[in-house]
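First up is the structure itself, then whatever we jot down about it.
No value in this document is a laboratory result; all are computed from the given coordinates. Treat the numbers as computed from the prediction; the structure is a model and nothing was measured. Here Cβ is always computed from backbone atoms with ideal geometry, including for glycine, and neighbour counts include all displayed protein chains.
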Amino acid sequence: MFNKAFSSSKQPRRGWSFLTAALGFTAETPGEDSVTAGASSLSVAPPLRSIARPIHFSGTPDKYQAIGNTLAEVPKGPAVEIGCGKGCSLLVLARMGFAPLYGFDLSPDCIESARNLLRAAGTHCRLFVKDAADLGDIPDDSMALIYCRNTFQYLDHARVAASFSRVLRPGGYLVIEAMGLGFYLWRTHLKNVFSADRRWTLFSYPRVVIRTLLYQCCGQQLLLGATAPEMGCTLNVIQRFAKLIKLQVTSVGPAPSLPGYLCVLRKSVYE
């Protein structure tokens, strides 16, 4: 189950290799041996190695079908989506047999859209406009699945670790699709930041990179003047969070529906 590994991607060009080397990154692209699906930990290279490589979208055009493919092997039961948006992923979870369902998002508009979508489909789900650190409406040790799609990179890991651990039942899964740090250093993507409507990224992206490096070095997730402690996902970030929340890493691979990582973690059945 969940035995995926990261596949090789194209090498950066010489100019990009020089830039990443100047920033202290390696320009190498790891092969499949760089990530393994160990029972309780990742086989990880040194913290700053291989994290600036481009991470390309490699999934199916139908991202919600990709979600279904990803979660097909997770045992069914109660599930919660963190950052549920307009409810499309919750609808997929319902059709796969997960119940009861919970959805959390900070946007009232998204929650209202999700409510309308699920109601029209005849699907019951409890929806909350709340932070992921406040899962007080969910009983202890009850969730078979916590799902985070394109949300994990915005979360305060120290705050959400306790709530995730509390609600996840023994043997339950945490499935994360997170934007990789390579996304913020991707030359094809960065060339657009100088457009008039994207200049905010000139300030935002460097903070993400610096914050990620600080987290990897000292485990501190600093705001640096931003409203959210956004980080790019790396192997070291995954490893640190797994240790913090005391979950076993089942696998790490390319995300099926965004340019980043798919991480599957599991709570021990003995807790």
- Task: Would you mind pulling out the separation of the Cα centroids of segment 74-135 and segment 212-271, in Å?
- Result: 22
- Qualifying trypsin sites (Lys or Arg not before Pro) in segment 208-271, DSSP loop, other Cβ atoms within 10 Å at most 16: K246
